[in-house]
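See below for the structure under consideration.
FYI, it's all coordinate maths here, none of it is from the lab. Note that the structure is predicted; figures quoted are calculated from it, not measured. Every residue, glycine as well, gets a Cβ built from its backbone with ideal geometry; the counts of neighbours run over all protein chains shown.
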């Protein structure tokens with residue numbers, strides 16, 4: 001039903017769902033709790049939302065701190081994005097390292113992001129991204145790392161970045177509240 005490929009950080013997976021295609025179009029199941037649980041992924045999603053972005057919009061690097069931290073499932077339902085994650089789990093072999101992947105409506109792929117990773121993307125085209133998260137948005141726990149401080153090889157575009165995202169601390173100035181737990 002789903003195939004997984006770890007993308008370089010422990011517990012972070014590209015998910016390729018099975019696609020059923022015929023003359024009517026395509027049917028894709030993006031989430032199936034029993035299968036996700038069998039794969040060791042969190043399945044208690046409590047919020048879902050989407051964003052639309054113009055080409056060049058960079059969002060991130062975002063996360064929520066404990067106790068409101070969350071796992072996240074993201075995918076692109078129109079257009080394409082360069083999606084990046086940054087490991088913030090103290091004690092993790094991947095701490096401070098990033099991984100990236102292209103998500104697109106054409107590829108129909110998803111990204112599962114475990115707790116303790118910051119997430120961001122840049123829109124390669126006008127796009128719509130869907131997010132499922134395992135905790136309710138809590139403004140007091142909402143945080144981020146400055147997008148240009150973690151060595152992510154962002155594509156060469158003229159970025160449109162919010163003042164909020166520009167004001168996040170650099171990775172070097174961040175003291176992580178996340179603890180690595182072996183998966």
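A few notes on this one:
- Residues of the range 1-17 classified as under 25 Å from residue 119 (Cα atoms) and either in a loop (DSSP other than H, G, I, E, B) or without any contact (Cβ under 8 Å) to a residue 24 or more places away in the chain (or both), total: 9
- Some residue of the range 64-71 being free of Cβ contacts under 8 Å to residues at least 12 places away in the same chain and out of contact with any helix residue (DSSP H, G or I) (no Cβ under 6 Å at 6 or more places or on another chain): no
- Test: residue in the range 127-147 that is under 17 Å from residue 8 (Cα atoms) and touching a residue at least 60 places away in the same chain (Cβ under 8 Å): no
- Residue match in the range 20-42 (condition: surrounded by fewer than 16 Cβ atoms within 10 Å (Cβ to Cβ), farther than 21 Å from residue 5 by Cβ and in contact with a helix residue (DSSP H, G or I) (Cβ under 8 Å, 6 or more places away or on another chain)): no
Residues are listed down the side, and each one gets a yes or a no for (1) under 25 Å from residue 2 (Cβ atoms); (2) out of contact with any strand residue (DSSP E or B) (no Cβ under 7 Å at 6 or more places or on another chain); (3) surrounded by fewer than 22 Cβ atoms within 10 Å (Cβ to Cβ):
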| residue | (1), (2), (3) |
| --- | --- |
| 90 | no, no, yes |
| 96 | no, no, yes |
| 100 | yes, no, yes |
| 107 | yes, yes, yes |
| 111 | yes, no, no |
| 116 | yes, no, no |
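- Among residues of the range 31-50, those that are under 18 Å from residue 76 (Cβ atoms) and either in contact with a strand residue (DSSP E or B) (Cβ under 6 Å, 6 or more places away or on another chain) or without any contact (Cβ under 8 Å) to a residue 12 or more places away in the chain (or both), counted: 4
- Any hit, the range 24-46, residues being within 22 Å of residue 121 (Cα to Cα) and in a strand (DSSP E or B): no
- The set of residues in the range 156-183 being surrounded by 14 or more Cβ atoms within 10 Å (Cβ to Cβ) and assigned to a loop (DSSP other than H, G, I, E, B) consists of 157, 159, 168, 174, 176, 177, 180.
- Exactly one residue out of 96, 60 is touching a helix residue (DSSP H, G or I) at 6+ places or on another chain (Cβ under 8 Å) and part of a strand (DSSP E or B), and it is 60.
- Residue match in the range 57-72 (condition: surrounded by 14 or more Cβ atoms within 10 Å (Cβ to Cβ), over 19 Å from residue 116 (Cα atoms) and touching a strand residue (DSSP E or B) at 6+ places or on another chain (Cβ under 6 Å)): yes
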